[in-house]
Amino acid sequence: MMRIGILRIGQVEESVAIRIQESLDTIFANTKTELIPETMPLPKEAYSNARKQYRSDTILSILGSFRSAHNSFDRILGIVDVDLFVPRLNFVFGEAVCSGNVAVISLWRLRPEFYGKTSNDQILVERGIKEAAHELGHTMGLKHCNNPFCVMHFSNSIFDTDRKQTLFCNKCSLKIGAIGGKGKDVEGRV
């Protein structure tokens, strides 16, 4: 059984993290996810004054060290509520080490209020679940999928995130199953 630890980094609502964690247990069969009780402070070295954003790759590096110290987990998913970027893009909803053991997602641009809408925790959590499953899929070696409804489809905007489902298409589900992650497909099969 694969064990995934969910680590809050900085100020992240525990209730949101718990709802994401509980959903990941249903998306990934033969997986146990746990909310790590401690919270990691936001790493100052990840912040870019020029961009007013945090570098996700720097956070991933720190998560890698954290995981080494907590090796009871096969993977660590960090959750932040700050704006993330990688140098070649304006922003990212998350990032992962492909075929690795660490990933991070940001709630910042998943919040409806970022787009001038009314705050809605249900929408925030649904988007967070999709991005968490997506980034964990990358840790299992999955690449972006052409199916716009598959959770592994690349989200260029929040519209892409809202369109895709929380589950894997049949093709991606089979790939995860072949490596032991056993993701459920859009029909709910393992």
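The values are calculated or read from the model by the stated rules, or taken from the named source; none is laboratory data. Every value quoted in this text rests on a predicted model; they were computed, and no experiment measured them. Neighbour counts run over all protein chains shown; Cβ positions are idealised from the backbone, glycine included.
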From the residues in the stretch 7-38 that are farther than 23 Å from ASN170 by Cα and hydrophobic (A, V, I, L, M, F, W, C), which one is surrounded by the fewest Cβ atoms within 10 Å (Cβ to Cβ)?
ILE18
Provide a single number: the residues in the stretch 39-96 that are modelled with pLDDT of 95 or more, basic (Lys, Arg) and under 15 Å from THR139 (Cα atoms).
1
Being among the acidic types (Asp, Glu) and in contact with a strand residue (DSSP E or B) (Cβ under 9 Å, 6 or more places away or on another chain) narrows it down to one residue among GLU113, GLU95, GLU126; which is it?
GLU95
Over the stretch 26-67, the set of residues more than 14 Å from VAL82 (Cα to Cα), touching a helix residue (DSSP H, G or I) at 6+ places or on another chain (Cβ under 6 Å) and aliphatic (A, V, I, L, M) is ILE27, LEU35
State which residue is surrounded by the most Cβ atoms within 10 Å (Cβ to Cβ) when the search covers only the stretch 112-160 and only residues that are assigned to a loop (DSSP other than H, G, I, E, B) and of a type in the set (A, V, I, L, M).
VAL151
Note down all Cβ pairs under 7 Å where the first residue falls in the stretch 63-76 and is closer than 14 Å to GLU38 by Cβ and free of Cβ contacts under 8 Å to residues at least 24 places away in the same chain, the second is among the acidic types (Asp, Glu) and buried (at least 18 other Cβ atoms within 10 Å of the Cβ), and they're at least six residues apart or on different chains.
none
Of all residues in the stretch 37-65 being assigned to a strand (DSSP E or B) and of a type in the set (S, T, N, Q), the one that is nearest to VAL92 (Cα to Cα):
GLN53
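Taking only the stretch 89-141 into account, find how many residues are among the aliphatic types (A, V, I, L, M) and closer than 16 Å to ALA17 by Cα.
12
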Could you say whether any residue in the stretch 39-59 is closer than 24 Å to MET152 by Cβ, surrounded by fewer than 20 Cβ atoms within 10 Å (Cβ to Cβ) and out of contact with any Lys or Arg (no Cβ under 8 Å at 6 or more places or on another chain)?
yes
Pairs only if they're at least six apart or on different chains, beta carbon under 8 angstrom, first in the stretch 149-178 and over 17 Å from SER106 (Cβ atoms) and without any contact (Cβ under 8 Å) to a residue 60 or more places away in the chain, second surrounded by fewer than 16 Cβ atoms within 10 Å (Cβ to Cβ) and of a type in the set (A, V, I, L, M); list them, first residue then second.
SER173/VAL190; GLY177/VAL190
Quickly run through the stretch 83-117 and pick out the residues that are of a type in the set (Ser, Thr, Tyr) and in contact with a Gly (Cβ under 8 Å, 6 or more places away or on another chain).
SER99, SER106
How about the stretch 66-111: which of its residues are of a type in the set (S, T, N, Q) and part of a loop (DSSP other than H, G, I, E, B)?
ASN71, SER72, ASN90, SER99, ASN101
